[in-house]
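Worksheet for the structure shown next.
Read-outs throughout are calculated quantities, based only on the coordinates presented, and are distinct from any laboratory measurement. Bear in mind that the values here come from a model prediction, so they are computed numbers and not experimental data. In this analysis, Cβ positions are derived from the backbone assuming ideal geometry, glycine residues included, and neighbour counts consider all displayed protein chains.
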Amino acid sequence: MLSSLATVLFDGFAYGMLLFMLSVGLSVTLGMMNFVNLAHYAFAVIGGYATVTIVNKLGWNFFVSLPLAFAVAALVSVALERVLFRRLYRASDLDQCLLTIGIAFITIAVFAWFYTSEPQSVPAPLPRDKPFSILGAQFGQYRTFLIVFGLAVTAVLILLLEKTRFGAQVRAAVDNQRMARGLGIDVERAFMITFALGGGLAGLGGALSIEVIGLDPSFALSYLLVYVLIVVAVGGLGSIGGSFVAATVLGITETAGKYYFPWLGAFLIYLVMVAILMWRPAGLFGKR
Amino acid sequence: MANASSIAGTHFQSKVRWHPLEYAFWACTLLPFVLAPNYLSLASQIAITALFALSLDLILGYAGIVSLGHAAFFGVGAYSAGLLAKHYWAEPLSGLLAAAVAAGIAGYALSHVVVRFRHLALIMLTMGFGLLLHEAANSASALTGGADGLQGFKVPAVLGFRFDMFGRAAYAYALVLLFLCFLVCRRIIHSPFGLALRGIRENATRMPAIGAPSLAHLRKAYTIAAVMAGLAGAALTHTTSTVSLETLSFGRSADVLVILILGGAGRLYGGIIGAIIYMVARDQFSGINPQYWYFWIGLLLVAVVMFLPNGVLGGLSALRKKAQ
């Protein structure tokens, strides 16, 4: 019982790390520009397909493909930001939602065209049948890698945001965009870099999640989009710590729910989200 | 004072008068009976979707409540009509009443929560409630049939007109329902209450300051919209004699939003025009390949937001103003 609890917590935490990487970019860009980017998960899909292509067509190693997935997703996100999104920073929430949903739909159709709508997979990057075993509890190798990697990414992000000049600019822009502009901070540039970073991280998350969730053109729409939005809304806009806590809680709740209350389905997740948002509309760590 | 009320009186009177184009439009809705008798079941789907979009227009277009979970009420209406027909009797008009009452109660209950929030929290909460209801209906398969939907009942006729495979009665039924609800909406929009809703949409903090009971107004509008969405759901149940879980899905909520924006939110005919364009296009494109339908609808959305910010009707009225 106790060892199964440890496994559930462990798997849930690994899943939470994935959700964190998928959603942190959206949280920060939403906090900076109030831009509701429902196409954020499209970057995850792009990263996932980049990895599938590199591993299956070129035969490269899975871990080598990860930085490339990051780069491809970051490039696409910057291109979209330059061409489309920046025209809509002053538009209403609704217009932003619709434009980005439109881009999400187009992404789905394009990938369905090139890769068919069949689920894609890659050969297991780490052996699946040899989990680490400590005191009878089983810890999968790939999930251990996910946790270590996720924690490293979190540490790098927090250092970047808290200790560097660029991080200070981003925090200033999240707190008060007009004031930051008034002080001579180039908010547009800071935003573009943040957007690229966030898109890249989502791409990385998409690549990493192939092994855990799977990948097909519409998986993200029905599934990821909702979960990513839950993490962002519950964690609070523009808060890396909030996203981290929300993603971890969501990952563990989801895994434990599947394990202990399978008949509840996703009911538990939605209930927790609705309750938290009614209690704190700006999210757990949100300021506005 | 008398002067002010007479000015208000003429304002409302000039708005209430029917434009000749409106007569023409409703006359055109009868054309499918003559011109496209093979497409009457599609036409009835369009009328039902138009009613659903009209109900969303009332809260989104006029009261400014963005909702990504409006299918909740559509589904509640569909399931209550279906359950009534399956377990008790299959008379559709009482089914409409039951659906309206059930959706109205659900809408009134939710309105107390929903009207207090704005922006992202509002979008997430409406979406959350929609997803909750979807999961609940999926889990309670003893009552709702779960993922297979509610089947095994037949609604034979309305007022003696049989629902046959040609869909004549189905389209007439859906069209009459749409028209009656449209009349109600039109009356609401051009009443002082409708004006107050628009005031709240434009400035949510100033309206309470001039003494308007904002939250009560929003609750009322939300409940009315829920009732209409429930009626649309019930009409779908009656014309198809099944209820699928899809009536409660996030996809349906998103679709109706797209339809309304495409036609033009905050315009009485926006939802109806949007429903016609969307449903006809979907019928044509998914005939080729359902996967690529997403591509076209995505492109359409991007184009509408970038070039037609007020939808098709907004674009048309801008063109007319330019011509004058």
With +1 on the Cβ of every Lys and Arg and -1 on the Cβ of every Asp and Glu, the dipole magnitude of the protein assembly as shown about its Cα centre, in debye rounded to the nearest 20, is 1700
Amide H neighbours of A:Leu215 at under 5 Å, excluding residues fewer than 5 places away on the same chain, with H built from the backbone geometry, are A:Gln120
Mean other chain Cβ within 10 Å across A:268-279 is 4
Taking every residue of B:106-117, the Cβ atoms of other protein chains inside 10 Å of its Cβ average out to 1
Nearest-0.05 FRET efficiency for A:Trp263 and B:Gln324 at R0 = 45 Å, using Cβ-Cβ distance, is 0.10
Phi angles of the stretch B:75-87, converted by Karplus (6.51 cos²θ - 1.76 cosθ + 1.60, θ = phi - 60°) into ³J(HN,Hα) in whole Hz with x for Gly and Pro, give x, 4, x, 4, 5, 5, 5, x, 5, 4, 5, 6, 9
The stretch A:12-76 and the stretch B:204-228 have their Cα centres apart by a whole-number Å value of 42
Shape call for the stretch B:47-181, from the Cα gyration tensor axes a ≥ b ≥ c (a/c under 1.5 means rounded, otherwise prolate when a/b beats b/c, else oblate), comes out oblate
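Any chance you could tell me what percent of the C-alpha pair distances in the stretch A:1-61 go past 13 Å?
72
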Quick shape check on the stretch A:45-173: root eigenvalues a ≥ b ≥ c of the Cα gyration tensor, a/c under 1.5 is rounded, otherwise prolate if a/b tops b/c, else oblate, and it reads oblate
With the label point 7 Å along the Cα-to-beta-carbon line of A:Ser121 and a cut-off under 17 Å to each amide N, the hits in the stretch A:1-20 are none
If R0 = 30 Å, then B:Ser141 and B:Ala109, at their Cβ-Cβ distance, give a FRET efficiency to the nearest 0.05 of 0.80
If every Lys and Arg gets +1 and every Asp and Glu gets -1 at its Cβ, then about the Cα centre chain A yields a dipole, in debye to the nearest 20, of 660
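Arranged from highest to lowest average of other beta-carbon atoms within 10 Å per residue, in what order do the peptides B:140-153, B:19-32, A:89-102 appear?
Going by the mean number of other Cβ atoms within 10 Å, highest first, we get A:89-102, B:140-153, B:19-32.
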With +1 at each Lys and Arg Cβ and -1 at each Asp and Glu Cβ, the charge dipole magnitude of the stretch B:117-269 around its Cα centre, to the nearest 20 debye, comes out at 680
The simple spin-label model distance between B:Val34 and A:Phe63, using points 7 Å out along Cα→Cβ, in nm, is 7.5
Candidates A:Ser117, A:Ser209, A:Ser133; GNM for chain A (alpha-carbon contacts under 10 Å) flags as most fluctuating A:Ser133
Once phi for every residue in the stretch B:223-235 is put through the Karplus expression 6.51 cos²θ - 1.76 cosθ + 1.60 (θ = phi - 60°), the whole-Hz ³J(HN,Hα) values, with Gly and Pro written as x, are 5, 4, 4, 5, 4, 5, 4, x, 4, 4, x, 4, 4
From the Cα centre of the stretch A:132-191 to that of the stretch B:261-318, the distance in Å is 39
Chymotrypsin sites (Phe, Trp or Tyr not before Pro) in the stretch B:154-236 lying in a DSSP loop, each with at most 14 other Cβ atoms within 10 Å of its Cβ, come to B:Phe166
Listed by chain and number, the residues whose amide H is under 5 Å from that of B:Val158, excluding neighbours fewer than 5 places away on the same chain and using placed H, are B:Phe163
Which residues qualify? For B:Gly149, with a placed amide H closer than 5 Å and at least 5 residues away or on another chain, they are B:Leu245
Going residue by residue through the stretch A:51-61, the Karplus relation 6.51 cos²θ - 1.76 cosθ + 1.60 with θ = phi - 60° gives ³J(HN,Hα) values, rounded to whole Hz and with x marking Gly or Pro, of 5, 4, 5, 5, 6, 7, 8, 8, x, 7, 6
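Across peptide B:253-260, what mean number of C-beta atoms from other chains lies inside 10 Å of a residue's C-beta?
That works out to 2 on average.
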